[in-house]
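First the structure, in the form of structure tokens, and then the observations on it.
The values are calculated or read from the model by the stated rules, or taken from the named source; none is laboratory data. Please read these numbers as outputs of a predicted model, since none were measured by experiment. Neighbour counts run over all protein chains shown; Cβ positions are idealised from the backbone, glycine included. Note: accessible area is taken over every heavy atom of the protein model, side chains too, but ligands, DNA and RNA are not part of it. Shrake-Rupley method; radii C 1.70, N 1.55, O 1.52, S 1.80 Å.
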Amino acid sequence: MNIKRLTVSGDVYYIDNSNAIQSYSNAGGQTIFTNAGVARYKGFESEATYYLGSGFSVYGNYTRNMSSIAAQNAPNNTAAAGLIYQKGRQVYASLMAKQIGARYSGFNAVDANGNPINPIHMGAYSVVNFAVSYSVKNLLGEGDKYTKFKLKVNNLLNKTGIVQSAGGFTDANNLPLFYTLAGRSFMASVSTQF
């Protein structure tokens, strides 16, 4: 739906999977695949953008996922919100915050002695990303060709919290190992049309 300044979209889904496959790593580091049986997933996805004027828009989305089985590292919801600026084909910038909802990690994991480990509840986390680009027309010649200079900063606030378990792997003291969110990173690129 597009009503002048507002664009809205969404969908609902229902997935019936009679042979859901899940994987985990055993104490020897091997990946084991198991049949989790019947899995039913249902939910909805939605997003909206509202044009404020003078090149500025606000954006938001929300997704809700419900499952008949606990799926490895599958969040129960995700959400994003942000501010976008665009001036013709020349300038684009965005500041987006994304939240990944609660999930479970470490299904079917075993410790170094082969004993089962209960799945670990992982709380929600958020990350903020920034991107800016500037396009120059006919920098390398004539015609309707653009050269784009782009800078992206992922994880602008440099959050490095725990986001996933290592699926049963432990340290020398038999304490569980975890993966953390990657720290702030920068990416610059230049692209051109020929």
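Results, tabulated for the structure shown:
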quantity	calculated
Hits in region 102-153 (condition: at pLDDT below 85, of a type in the set (S, T, N, Q) and more than 30 Å from Gln193 (Cβ to Cβ))	Ser105, Asn108, Asn113, Asn115, Asn118
In region 78-103, the residues that are among the hydroxyl-bearing types (Ser, Thr, Tyr) and open to solvent by 40 Å² or more (accessible area, probe 1.4 Å)	Tyr85, Tyr92
Matching residues, region 157-194, being loosely packed, with under 12 Cβ neighbours inside 10 Å, farther than 22 Å from Lys98 by Cβ and either of a type in the set (Gly, Ala, Ser) or free of Cβ contacts under 8 Å to residues at least 60 places away in the same chain (or both)	Asp171, Ala172, Asn173, Leu175, Leu177, Val190, Ser191, Phe194
Number of positions in region 147-189 that are under 17 Å from Ala93 (Cβ atoms) and in a strand (DSSP E or B)	11
Residue within region 67-77 that is part of a strand (DSSP E or B), open to solvent by less than 60 Å² (accessible area, probe 1.4 Å) and at positive phi present	no
Qualifying positions in region 47-66 - out of contact with any Leu (no Cβ under 8 Å at 6 or more places or on another chain) and either loosely packed, with under 15 Cβ neighbours inside 10 Å or not β-branched (Val, Ile, Thr) (or both)	Glu47, Leu52, Gly53, Ser54, Gly55, Gly60, Asn61, Tyr62, Arg64, Asn65, Met66
